[in-house]
Amino acid sequence: MKIFVQYSLALFLLGASALTSADLSSATQAMEDPSHPLILMRTSRGDIYIELFPEAAPRNVANFIALSEAKVEMFDIDTGQTVMPHYYDGKTFHRVLRNYLVQSGAGANAQDPRPEYFIDDEINARDIGLNDIKVLDETGAPHAWLNLQDDEEFQAQVLLPLYRKLDIRSPEQVEARQYELHKLLSEMNLAQVYENQGYRFNNRLPARVPVRGSVAMANSGPNSNQSEFFITLIDAPWLAGRTTIIGEVVEGMEIVDRIDQSAVLRGESSTPTPTTATMIFDVRQINAAPTP
């Protein structure tokens with residue numbers, strides 16, 4: 001039965017690859033720099049070619065390649081053994097936010113082998129322009145790049161981190177320092193907001209802003225990059241400063257769109273059903289790695 005399933009997947013893979021016109025030649029021509037790593041991600045809906053940006057995110061790019069090439073040791077709870085899997089092989093795009101992003105890199109079960117470390121963020125806030133964008137616009141409303149939905153999110157994302165920085169611990173202290181707080185908020189920029197949340201920036205790195213086709217590391221907060229990544233379907237400047245961009249799709253965005261459109265969702269859920277989730281067959285670097 002297992003052999004039959006593998007054979008069926010192989011046939012399906014061949015059929016899926018034929019659906020896209022992307023190939024090595026056209027992908028290479030579309031690259032920003034042909035010396036960058038070029039990744040072929042073969043999925044059940046077609047091939048996606050990704051140019052990685054090692055200058056912009058050296059540690060996160062190296063980690064992505066190491067995971068894809070079975071160079072990272074992990075502990076397998078089921079067997080009690082240390083394993084070095086081709087990590088992304090067999091994963092699905094488990095999270096789909098329609099017309100926004102598709103995400104992969106998580107195990108199907110909590111006990112599946114996974115990296116036991118985190119990689120720091122690699123973000124250049126200054127060159128992105130976050131130092132020049134004020135938290136409050138000319139009308140006094142939160143800037144659109146904060147992407148806040150309501151006052152509760154403003155308090156959680158902007159006010160509470162500021163209170164912690166100033167060691168303000170009670171409503172009485174807020175009232176006593178209201179003029180100081182008003183002045184700070186009127187002068188605060190987006191980089192400072194994110195620094196208050198714990199993000200740290202490296203302005204020596206080339207700056208990258210999330211655009212359609214960007215490949216970025218998913219995180220749960222500052223310096224929590226691990227294995228999960230997402231591909232954006234639209235320009236998403238509100239993610240600038242809070243996510244590390246490791247690459248960009250150079251061929252196969254129509255496949256990414258197909259992943260988005262084909263994921264039948266249940267109500268407001270962002271999780272595709274088992275029969276509609278797109279599988280990653282394998283992820284490999286297909287151009288020669290530069291010599292040291």
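Among the conditions (1) in contact with a strand residue (DSSP E or B) (Cβ under 9 Å, 6 or more places away or on another chain); (2) assigned by TED's automatic domain parsing to the domain that holds GLY213; (3) free of Cβ contacts under 8 Å to residues at least 60 places away in the same chain; (4) surrounded by fewer than 19 Cβ atoms within 10 Å (Cβ to Cβ), the only one that GLU153 does not satisfy is (2). The sole residue among PRO272, PRO237, PRO222 that is touching a strand residue (DSSP E or B) at 6+ places or on another chain (Cβ under 6 Å), assigned by TED's automatic domain parsing to the domain that holds ARG45 and not aliphatic (A, V, I, L, M) is PRO272.
One residue stands out in region 154-206 among those that are basic (Lys, Arg) and over 29 Å from the mean Cα position of the chain (by Cα): the one that is farthest from ILE123 (Cα to Cα), namely ARG177.
For every residue, the table says whether it meets (1) surrounded by 23 or more Cβ atoms within 10 Å (Cβ to Cβ); (2) in the same structural domain as VAL211 (by TED's automatic domain parsing); (3) more than 12 Å from GLY247 (Cβ to Cβ).
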position	(1), (2), (3)
GLU32	no, yes, no
GLY46	yes, yes, yes
GLU55	no, yes, no
PHE64	yes, yes, no
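Residues in region 6-22: is at least one in the same structural domain as GLY213 (by TED's automatic domain parsing), surrounded by 15 or more Cβ atoms within 10 Å (Cβ to Cβ) and either touching a Pro at 6+ places or on another chain (Cβ under 7 Å) or modelled with pLDDT of 50 or more (or both)? Taking every residue of region 6-22 in turn, at least one turns out to be in the same structural domain as GLY213 (by TED's automatic domain parsing), surrounded by 15 or more Cβ atoms within 10 Å (Cβ to Cβ) and either touching a Pro at 6+ places or on another chain (Cβ under 7 Å) or modelled with pLDDT of 50 or more (or both). Tallying residues that are in a helix (DSSP H, G or I) and of a type in the set (A, V, I, L, M) within region 115-134 yields 3.
Those residues that are surrounded by 11 or more Cβ atoms within 10 Å (Cβ to Cβ) and of a type outside the set (A, V, I, L, M), I need them from region 156-177; list them, please.
GLN157, PRO161, TYR163, ARG164, LYS165, GLN173, ARG177
Report yes if some residue within region 98-109 is more than 19 Å from VAL215 (Cα to Cα), aliphatic (A, V, I, L, M) and at pLDDT below 95; otherwise report no. Yes: region 98-109 contains one or more residues that are more than 19 Å from VAL215 (Cα to Cα), aliphatic (A, V, I, L, M) and at pLDDT below 95. Against the conditions (1) crowded, with 17+ Cβ neighbours inside 10 Å; (2) in contact with a strand residue (DSSP E or B) (Cβ under 9 Å, 6 or more places away or on another chain); (3) outside the structural domain of PRO85 (by TED's automatic domain parsing), GLY129 satisfies every one except (2). A single member of ALA66, ALA62, ALA70 is at positive phi and without any contact (Cβ under 8 Å) to a residue 60 or more places away in the chain, and it is ALA70. Being more than 30 Å from TYR88 (Cβ to Cβ), in contact with a Leu (Cβ under 8 Å, 6 or more places away or on another chain) and part of a loop (DSSP other than H, G, I, E, B), is that true of even one residue in region 135-144? Yes, region 135-144 has at least one match. Evaluation of ALA263 against the conditions (1) crowded, with 20+ Cβ neighbours inside 10 Å; (2) modelled with pLDDT under 95; (3) closer than 24 Å to LEU67 by Cα shows that the sole unmet condition is (3).
Of all the residues in region 178-216, those that are on the phi > 0 side of the Ramachandran plot and crowded, with 16+ Cβ neighbours inside 10 Å number 1.
The values are calculated or read from the model by the stated rules, or taken from the named source; none is laboratory data. This one's a predicted model, so the numbers in the text were calculated from it and none came from an experiment. A quick note on method: Cβ atoms are made from the backbone with ideal geometry, for glycine too, and the neighbour counts reach across all protein chains shown.
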